[in-house]
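S.K.: Handing you this structure, nothing more for now.
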Amino acid sequence: MISCNSWTSCSDASEAKLRNILVTGALGQIGSELVPTLRAHYGADRVVATDIRMLQADSAAVEGPYEHVDCTRPHQLHEVVRRFDIGRIYHLAALLSAVAEDKPQIAWTVNMGGLYNMLEVARQYECAVFFPSSIGAFGPTTPHDSTPQTTIQRPTTMYGVTKVSGELLCDYYALRFGVDTRGLRLPGLVSYAAPPGGGTTDYAVEIFHQAIRYRHYTCFLAADTRLDMMYMPDAIRAMVELMEIDPPALNHRNAYNVTAMSITPEELAAAIRKRIPSFEIDYEIDPVRQAIAESWPRSLDDSSARADWGWAPRYDLDAMCVDMIDKLGARLKQARQS
Ligand code: NAD
Ligand code: SER
């Protein structure tokens, strides 16, 4: 981690804020909610959504500029940053933990190659960069309870290797070239707008879909597997707030621990049962995702984020369940009727 003193030489944060915003991997779970939030804050025309996938007519990203961009192709990144006068980048494009474990070579190319290309473009065009790290950046030798901001990071998954390397590369670009890089170590994210992209924490989203539709869920993690989670509105707010902070406040760049709750599948099932009393859960453990989950922290210490830039989650387990069941229920009902 680098100290705040190193940031004074970072490219002018206020100047970058006057230019437009780029989101890569914009059609994924996070991008589907980040893009509309950024457009509501800064104006639809100022936020350019990009992804390797084709834009569907019902996507939230249709409400403003959209470009097809593969982050492993540097010229495509140069072109979009130059053409749209980009000053701030949310670089979301990546493969998640379970997919990355299945395709480690592709994960390295996309997660690391893509980030390197993005940082190079950011260096040349003086852009600020948000990098989403993860609880996956920790490993079996990390203290698993109240995992500190600065601690052992020896992950045993390709996803984790790319997240630690990504944190280091972002710090390097900040120190060596003055690129204004910032990041969060996000926990598993729960949301209703878009499906999760193939991670170990996906159970915490699937469980709501199955509970609302069938009153039953078969979980791929063991009942007592404890992991950090966060409801998407808190995660989106954290990303937007972090990028708005004046650099001297930041004692860490890549990346701040943030969390909202530390829960197990059986605790989540019990919270859902308060609203859907007939809901039942059983377990068929997937050994690959179980091993990944057991290598990650059980709970993060996010006191640095709280102290440095006032981070505080607004949704605990019960508040998240109430909102998720409400909003997802309405969505599924609307889909059935159309
Ligand atoms: P996601 O899988 O839902 O979305 C990723 C998007 O990246 C997809 O739309 C995909 O099409 C796109 N993509 C893949 N390869 C690409 C390429 N070569 N060029 C451009 N786009 C490409 O993932 P997400 O959940 O939205 O996560 C976004 C970021 O946040 C990732 O870096 C992920 O590691 C990180 N993160 C997510 C979570 C979570 O729980 N969702 C938690 C911690 C960190
Ligand atoms: N939710 C992500 C995953 O499970 C953690 O970064 O891959």
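The values are calculated or read from the model by the stated rules, or taken from the named source; none is laboratory data. A quick note: this is a predicted structure, and the numbers were derived from the prediction, not measured. Counting neighbours? That spans all protein chains shown, and the Cβs are built from the backbone with ideal geometry, glycine included.
S.K.: Scan (1) closer than 18 Å to LEU115 by Cα; (2) modelled with pLDDT under 95 for the single condition SER3 breaks and write down its number.
M.R.: (1)
S.K.: What number of residues in the stretch 105-137 are polar (S, T, N, Q), crowded, with 23+ Cβ neighbours inside 10 Å and away from ligand 1 (no atom under 12 Å from the Cβ)?
M.R.: Counting residues in the stretch 105-137 that are polar (S, T, N, Q), crowded, with 23+ Cβ neighbours inside 10 Å and away from ligand 1 (no atom under 12 Å from the Cβ) gives 0.
S.K.: How do the pairs read when you match residues in the stretch 34-61 that are free of Cβ contacts under 8 Å to residues at least 60 places away in the same chain with residues anywhere that are polar (S, T, N, Q) and part of a helix (DSSP H, G or I), using Cβ under 8 Å and keeping only pairs 6 or more apart or on different chains?
M.R.: If the second residue must be polar (S, T, N, Q) and part of a helix (DSSP H, G or I), the pairs left are SER59/SER32; ALA61/SER32.
S.K.: Here's a follow-up. For THR201, are the conditions met, namely being polar (S, T, N, Q) and more than 13 Å from the chain's Cα centre (by Cα)? Step through it out loud before you land on a result.
M.R.: On the way: polar (S, T, N, Q): yes; more than 13 Å from the chain's Cα centre (by Cα): no.
In short, no.
The rows are residues; the columns are (1) under 23 Å from THR37 (Cα atoms); (2) basic (Lys, Arg); (3) in contact with a strand residue (DSSP E or B) (Cβ under 6 Å, 6 or more places away or on another chain).
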position	(1), (2), (3)
ALA235	yes, no, yes
MET243	yes, no, yes
VAL258	yes, no, yes
GLU267	no, no, no
ALA270	no, no, no
PRO277	no, no, no
ALA291	no, no, no
ALA307	no, no, no
GLY310	yes, no, no
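S.K.: Being among the hydrophobic types (A, V, I, L, M, F, W, C), surrounded by 15 or more Cβ atoms within 10 Å (Cβ to Cβ), within 29 Å of THR141 (Cα to Cα) and within 18 Å of the chain's Cα centre (by Cα), is that true of even one residue in the stretch 268-284?
M.R.: Checking the stretch 268-284: not a single residue is among the hydrophobic types (A, V, I, L, M, F, W, C), surrounded by 15 or more Cβ atoms within 10 Å (Cβ to Cβ), within 29 Å of THR141 (Cα to Cα) and within 18 Å of the chain's Cα centre (by Cα).
S.K.: Additional query: Tell me, please, whether a residue that is in contact (Cβ under 8 Å) with a residue 40 or more places away in the chain, under 23 Å from ALA174 (Cα atoms) and surrounded by fewer than 19 Cβ atoms within 10 Å (Cβ to Cβ) can be found in the stretch 83-101.
M.R.: The answer is yes, given that some residue of the stretch 83-101 is in contact (Cβ under 8 Å) with a residue 40 or more places away in the chain, under 23 Å from ALA174 (Cα atoms) and surrounded by fewer than 19 Cβ atoms within 10 Å (Cβ to Cβ).
S.K.: Return the residue satisfying two criteria in turn: it lies in the stretch 52-104 and is closer than 27 Å to ASN254 by Cβ and of a type in the set (Ser, Thr, Tyr), and of such residues it is nearest to ligand 1 (Cβ to nearest atom). Quick ask: steps written out before the conclusion?
M.R.: Initial filter on the stretch 52-104 (closer than 27 Å to ASN254 by Cβ): 52-53, 61, 67, 69-82, 84-104.
Adding the requirement that they be of a type in the set (Ser, Thr, Tyr) leaves 72, 90, 97.
Working: THR72: 5, TYR90: 9, SER97: 8 Å.
Applying the filter and picking the extreme gives THR72.
S.K.: Follow-up. What pairs come up if the first residue lies in the stretch 173-197 and is without any contact (Cβ under 8 Å) to a residue 60 or more places away in the chain, the second is within 11 Å of ligand 2 (Cβ to nearest atom), and their beta carbons are under 6 Å apart, counting only those six or more places apart or on different chains?
M.R.: GLY188/THR201; GLY188/ALA204; GLY188/LEU227; GLY188/MET229
S.K.: Let me ask something else. Identify, by number, the condition in (1) of a type in the set (A, V, I, L, M, F, W, C); (2) out of contact with any Asp or Glu (no Cβ under 9 Å at 6 or more places or on another chain); (3) within 16 Å of ligand 2 (Cβ to nearest atom) that LEU242 doesn't meet.
M.R.: For LEU242, the failing item is (3).
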